[in-house]
1. For the stretch 1-46, which positions are among the polar types (S, T, N, Q) and assigned to a helix (DSSP H, G or I)?
2. Tell me which residues, restricted to the stretch 1-14, are under 19 Å from Gly51 (Cβ atoms) and under 24 Å from the mean Cα position of the chain (by Cα).
3. Just one of the numbered conditions (1) out of contact with any helix residue (DSSP H, G or I) (no Cβ under 8 Å at 6 or more places or on another chain); (2) over 28 Å from Ala9 (Cα atoms); (3) among the small types (Gly, Ala, Ser) is not true of Ala63; which one?
4. Testing Ala192 on (1) within 20 Å of Phe79 (Cα to Cα); (2) free of Cβ contacts under 8 Å to residues at least 60 places away in the same chain; (3) in contact with a helix residue (DSSP H, G or I) (Cβ under 7 Å, 6 or more places away or on another chain), one condition comes back false. Which one is that?
5. Mind checking whether some residue in the stretch 156-165 is of a type in the set (S, T, N, Q) and under 30 Å from Thr3 (Cβ atoms)?
6. Please list, ordered by first then second residue, the pairs with beta carbon atoms under 7 Å, 6 or more apart or interchain, first in the stretch 195-211 and more than 17 Å from Asp95 (Cβ to Cβ), second of a type outside the set (Phe, Trp, Tyr) and in a loop (DSSP other than H, G, I, E, B).
7. Working only within the stretch 87-117, note down all residues that are touching a residue at least 24 places away in the same chain (Cβ under 8 Å) and in a helix (DSSP H, G or I).
Amino acid sequence: MVTEKFKDALQDYYFLLNRDYAEKPAVKLVGDRYRLSSVERLILYRGVTSGKKAPARKAKLSADLKGKKLYIDGYNVLFTIKNYLLGRPVFLANDGFMRDCGEVYGKVENETFFFRAVDLLLEYLCGCGVSAVEVFFDSPTSGSENHAGEVEKRLAAVGTAGEVFLVKYADRELRKKKDGVIATSDSEIIDAVDCPAADLAREVLETNFGINLLDLGKLL
């Protein structure tokens with residue numbers, strides 16, 4: 001439930017970002033002033049960007065995947081789906097991309113829900129008409145070799161053309177892409193690429209659960 005103090009904090013945080021304050025100190029300043037919870041601070045940090053950056057990201061947002069090659073930021077997309085399944089808040093950032101309040105520190109905390117997220121993702125990909133997919137996993141994440149192998153096996157089982165790559169830094173690989181569509185909500189990747197970006201986790205969740213998202217852009 002959105003409180004009046006959170007709405008005020010949202011406006012103050014947005015004001016500071018538009019005056020080039022650094023994000024983390026600004027979250028602390030506003031969070032301390034309004035005595036925000038850790039979840040509310042995380043929503044600010046992940047959900048609000050400046051009025052300069054937001055329109056550029058929105059302009060890259062695309063849901064048109066038919067016949068396109070799709071490059072997927074594996075953990076980014078799957079963790080967002082998994083966190084929703086675990087009951088954690090998801091919301092629509094003011095740059096148009098869905099994000100979540102899950103805390104992840106280089107490991108998968110619940111593999112049952114993680115692989116449920118994998119199945120939901122692959123089911124969606126089967127129906128959206130992509131020409132091929134490439135999924136990238138970060139090798140430093142605990143269990144990444146098993147996760148990549150399992151996704152590769154399930155990808156082949158559903159008949160979707162694609163490959164799975166285990167790399168040190170998925171974001172570095174995705175930033176190199178010049179064609180196709182990038183599937184991620186990572187703001188640094190979105191800012192860096194020229195090709196369209198798909199909010200794949202949102203598409204999967206809306207298709208399966210009809211989610212009703214808190215829209216921070218409307219609150220601003």
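1. Gln11, Ser38
2. Across the stretch 1-14, the qualifying residues are Lys7, Ala9, Leu10, Gln11, Tyr13, Tyr14.
3. Of the numbered conditions (1) out of contact with any helix residue (DSSP H, G or I) (no Cβ under 8 Å at 6 or more places or on another chain); (2) over 28 Å from Ala9 (Cα atoms); (3) among the small types (Gly, Ala, Ser), the odd one out for Ala63 is (1).
4. With (1) within 20 Å of Phe79 (Cα to Cα); (2) free of Cβ contacts under 8 Å to residues at least 60 places away in the same chain; (3) in contact with a helix residue (DSSP H, G or I) (Cβ under 7 Å, 6 or more places away or on another chain) applied to Ala192, the lone miss is (1).
5. To start, the set of residues in the stretch 156-165 that are of a type in the set (S, T, N, Q) comprises 160.
Next, from what is left, pick out any that are under 30 Å from Thr3 (Cβ atoms): none.
Checked against the condition, which is being of a type in the set (S, T, N, Q) and under 30 Å from Thr3 (Cβ atoms), the stretch 156-165 yields no hits at all.
6. Pairs found: Leu205/Ile211.
7. Within the stretch 87-117, Glu111, Phe113, Phe114, Phe115, Arg116, Ala117 meet the criteria.
Every number here is computed from the coordinates shown, using simple stated rules; none is lab data. Remember, predicted model here, so these are calculated numbers, not experimental data. Glycine gets a Cβ as well: all are built from the backbone with ideal geometry, and neighbour counts include every protein chain shown.
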